[in-house]
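Chemist: This is the structure I have questions about; it appears just below.
Here, each number is a calculation from the coordinates, and none is a lab measurement. Predicted model, so just to flag it, every value in this text is computed and none were measured. Note that we place each Cβ from the backbone using ideal geometry, even for glycine, and neighbour counts take in every protein chain shown.
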Amino acid sequence: MAVEINKLLDLVVGKEASDLHLTVGLPPMLRLHGRLRPLNLPPLQPEETIGYMKAITSERHQQEIKEKGGCDFGFAFETKARFRVSIYTQKGNTGLALRLIPSKIKTLEEVGLPPNITTLLNRPRGLILVTGPTGCGKTTTLAAMIDYINKEMDTHIITIEDPIEYYHEHKKSIITQREVHADIGSFAEALTKALRMDPDVVLVGEMRDLETIQAAITAAETGHLVFGTLHTTGAARTVNRMIDAFPKEQQEQIRTQLASSLIAVVSQMLLPKADNTGVVAGFEIMIVTAAVANLIRENQTHKIISAIQTGKKEGMFLLDDFLFNLYQNKKINYQDMLEAAQSPADLQMKIQDYTKQQSPLKK
């Protein structure tokens, strides 16, 4: 007999695991501190994963699974926690991936962002992108940014998400949260409609297509502070990804628009802590100075890395430099640092130089 879904969810909350995977042919698996761990239970049978799916999925979403082979939604587990649920079909069987959404919104400091990030959040207009691979903590970072604005400023904040993950309360700001497919049809439509709702700040949960990217840039140009996410790593790749989404004949215009509307790109990833007590975020921050704006406008994004290196005074830094600092402070181990690095060979040389400099001190 299958373990009740509530007992599995209690285990996730109790152990502070980030994810629960329910897959036919494997025991239930937890992701703890970035690594998958099987529970001491028998492999799941097809009827068991179907039972788990039906226990937490509405009729509407079950219909979507039948029609499209899967669905995503937010799910409240009693009063203990919220989960982001992805249900999918593979080899004819039902699988579930449930991500625990922490009930408490982290502060910017707890997320690991430098204090000067607040300068960017106080800007009245422009586009701030938080980027990185799936599961790297983008939603947590954005929630911290929105919460800072919510506490510090009297604004109207609109979030457009699929699904809504963190629930924000009205503080100094009014906060309106809209869920794609439940409250509105698509990200692009929600963004267009949002501009009629007197917003100051707009969060676009995912910039998936050309229409949404265009709408976000337009919103930033017309006097709003816009936050968005992309599944890219590194600032230069992010800029290229946005420009490449457009047809060739529009790309020059988009470069000009991005150069004037983009404020910053915050790129991040999560790494296991060296002591295996959790995960720590690694960041890259590019701030659009006059020099960076010119590189974007002139289609010289390959020079952005060196612009970040020389822009330390403005609060910029590369991911690899941030990872090196984490390693120096014994927060991450050597192998995890190299796996996350953009240029592992360069970082290895830097470590060797650092080790040589340290060695006389050890004698």
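Chemist: What number results when the radius of gyration of region 17-103, computed over Cα atoms, is divided by 2.2 N^0.38 Å?
Modeler: The reported ratio for this selection is 1.06.
Chemist: Further, regarding this structure: Can you work out the PRE-style zone for residue 93? Point 7 Å along Cα to Cβ, and I want the residues of region 35-64 with backbone N under 13 Å.
Modeler: Answer for this model: 42-51.
Chemist: What number of lysine-lysine pairs in region 89-243 show an alpha-carbon separation below 27 angstrom, given a sequence spacing of 8 or more or placement on distinct chains?
Modeler: Here the count comes out as 17.
Chemist: Additional query: Answer rounded, prolate or oblate for region 153-203, using the Cα gyration tensor with square roots of eigenvalues a ≥ b ≥ c: rounded when a/c is under 1.5, else prolate when a/b is larger than b/c, else oblate.
Modeler: oblate
Chemist: Rounded if a/c is under 1.5, else prolate if a/b beats b/c, else oblate: with a ≥ b ≥ c from the C-alpha gyration tensor eigenvalues square-rooted, which is region 189-287?
Modeler: prolate
Chemist: Continuing with this model, one more query. Could you work out how much longer the chain between residue 58 and residue 193 gets when fully extended? Use 0.36 nm per residue separation minus the Cα distance between them, nm to one decimal.
Modeler: Here the answer is 45.9 nm.
Chemist: Could you pull out every one of the aspartates and glutamates with an alpha carbon less than 13 Å from that of residue 331, ignoring same-chain neighbours closer than 8 positions?
Modeler: 275
Chemist: Continuing with the same structure: I'm spelling it out carefully: the read-out is percent of Cα pairs over 34 Å apart, the candidates are (i) 22; (ii) 47; (iii) 33, and one was derived from this structure. Which label?
Modeler: Looking at percent of Cα pairs over 34 Å apart for this model, the match is (iii).
Chemist: Quick check for me: using +1 on Lys/Arg Cβ and -1 on Asp/Glu Cβ, what's the dipole size of the chain about its Cα centre, in debye to the nearest 20? It would help to have the intermediate numbers written out before the result.
Modeler: Working: 41 positive and 42 negative charges, 210 e Å.
The dipole of the chain has a size of about 1000 debye.
Chemist: Suppose the Debye formula is applied to equal point scatterers at every Cα of region 230-342; what is log10 I(q)/I(0) at q = 0.11, 0.18, 0.23 Å⁻¹?
Modeler: Evaluating at q = 0.11, 0.18, 0.23 Å⁻¹ gives log10 I(q)/I(0) of -0.40, -0.86, -1.18.
Chemist: Would you work out if region 115-250 is rounded, prolate or oblate? Take a ≥ b ≥ c from the square roots of the eigenvalues of the alpha-carbon gyration tensor; rounded if a/c is under 1.5, else prolate when a/b is larger than b/c, oblate otherwise. Please report the intermediate quantities before stating the final value.
Modeler: Values: a/c = 1.45, a/b = 1.27, b/c = 1.13.
Here region 115-250 falls in the rounded category.
Chemist: Full extension from residue 302 to residue 151: what is 0.36 nm times the residue separation minus their Cα-Cα distance, to one decimal in nm? Please report the intermediate quantities before stating the final value.
Modeler: Working: separation 151, 0.36 × 151 = 54.36 nm, distance 3.79 nm.
Difference between extended and current length: 50.6 nm.
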